[in-house]
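Below: one structure, written as structure tokens.
The values are calculated or read from the model by the stated rules, or taken from the named source; none is laboratory data. Because the structure is predicted, anything quoted here is derived from the model rather than measured. Note: ideal-geometry Cβ built from the backbone for every residue, glycine included; neighbour counts use all protein chains shown.
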Amino acid sequence: MVKLTCLAIGCLAFALCGMVAHAQEISPGMNSQKFQLVVHGGAGTIERSKMTPENEQEYRAGIENALRAGCKILQGGGSSLAAVEASVRVLEDDPHFNAGKGSVFTSTGTNEMDAAIMDGKTLAAGAVAGIEHVRNPIILARAIMEKSKHVMMIGAGAEEFAKRNGIELTDAKYFFTQDRWDALQKMKAAEKAGVDGGKKFIISDAEQHGTVGAVARDAQENLAAATSTGGTTNKLPGRVGDSPVIGAGTYADNATCAVSCTGDGEFFIRAAVAHQVSALMELRGMSLSEAAKRALAQAQKLGGTGGLIAVDKNGNVALLFNTSGMYRGFVGEDGKFVIEIYK
Ligand code: ASP
């Protein structure tokens, strides 16, 4: 039977920072499912007290739709790579999440998106950064992996490559959402008012960031990870976070695990979080859960908040975060979807 344990751990690093990571671990046991699929919609959740039942329902539906898309592929014997792409695509099209349609704004009011995908079987990877007109950045990331000799492409060159490969481009206006625009105005007002004057503009996690991601292990035991984001609200044009950086926000290796992160990209890059989980398993012999906690703690020690989802080669799953919540879901026992937001 699938064993699900929810525990709040308080290791020294977390205690020092006054934060406790919330961790969920699921071991495959006698799971009737021959595959694993986990998705996240970012650790930038709306504060619990401000979340209306209608809103919560919308977020849950978004996660459920993403699980359904990936699950359909895995149930049909499809690859983990196709499944993570499909799940992320659904989240990119959903304005509630900070990726694709719901991307946050830069300081100049533009939307610049990043995404990455990695195949654990071959260690092939594709990533894209700073694109403004590609409807589904994750499709472009996969095309870069499969149809170019490169791993990462940026800006205009990446969009030109998209065009040549028949990937849908869209007017920048498509990415406008009122909530994200309002969040930018609020951040700008806080910035202008300075530290003390900014107190009346308390900026929530949800207003600052978010990201979407998926990890999967298919019936052939191949692992894959995908991540897509609009980055952080009010970021400088040209800023790139951890999501498209292979080894920072996204990583997959059949020898160890597949990981997709969300959080303060600057710290996740410096702690090379996604690859760190894999390296701790491979070189230190840690379990997925131990390695994931350690890697997240390292980002936190530097000052980073966020979370990650991961699946290992044996089908163990980990979902953890040191923020107040993370939109997340996984295919549990009997193929039932488990969807959660807060601790
Ligand atoms: N990691 C993303 C970035 O830094 C943002 C997030 O996940 O909240 O671009």
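Table for the structure above
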| read-out | value |
| --- | --- |
| Condition met for Ala124 (within 15 Å of the chain's Cα centre (by Cα) and of a type in the set (A, V, I, L, M)) | no |
| Test: residue in segment 70-89 that is at pLDDT below 95, of a type in the set (Val, Ile, Thr) and either within 16 Å of the ligand (Cβ to nearest atom) or assigned to a strand (DSSP E or B) (or both) | no |
| Matching residues in segment 130-158 - criterion: being more than 22 Å from the chain's Cα centre (by Cα) and of a type in the set (D, E, K, R) | Lys147, Lys149 |
| Selection count, segment 228-241, where residues are part of a strand (DSSP E or B) and within 8 Å of the ligand (Cβ to nearest atom) | 2 |
| Neighbours by Cβ (under 7 Å, 6+ apart or cross-chain): first from segment 316-340, of a type in the set (Ser, Thr, Tyr); second surrounded by fewer than 18 Cβ atoms within 10 Å (Cβ to Cβ) and part of a strand (DSSP E or B) | Ser324/Tyr342 |
| Set Glu282, Glu290, Glu333: member being surrounded by fewer than 24 Cβ atoms within 10 Å (Cβ to Cβ) and either within 30 Å of Pro95 (Cα to Cα) or touching a Pro at 6+ places or on another chain (Cβ under 7 Å) (or both) | Glu333 |
| Residue count for segment 233-250, restricted to those that are of a type in the set (Val, Ile, Thr) and touching a strand residue (DSSP E or B) at 6+ places or on another chain (Cβ under 6 Å) | 3 |
| Test: Ile144 is in a helix (DSSP H, G or I), more than 16 Å from the ligand (Cβ to nearest atom) and touching a His at 6+ places or on another chain (Cβ under 8 Å) | yes |
| Selected residue [among the polar types (S, T, N, Q), within 21 Å of Ser278 (Cβ to Cβ) and out of contact with any Lys or Arg (no Cβ under 8 Å at 6 or more places or on another chain)] from Thr122, Thr110 | Thr122 |
| Residue within segment 202-215 that is more than 16 Å from the ligand (Cβ to nearest atom), of a type outside the set (Gly, Ala, Ser) and crowded, with 16+ Cβ neighbours inside 10 Å present | no |
| Residues of segment 242-265 that turn out to be closer than 16 Å to Ala99 by Cβ and either part of a strand (DSSP E or B) or more than 10 Å from the ligand (Cβ to nearest atom) (or both), as a count | 5 |
| Any hit, segment 161-184, residues being within 30 Å of Ser204 (Cα to Cα), in contact (Cβ under 8 Å) with a residue 12 or more places away in the chain and part of a strand (DSSP E or B) | no |
| Pair list, Cβ under 7 Å, 6 or more apart: segment 218-235 residue charged (D, E, K, R), other residue in a strand (DSSP E or B) and within 16 Å of the ligand (Cβ to nearest atom) | Lys235/Thr106 |
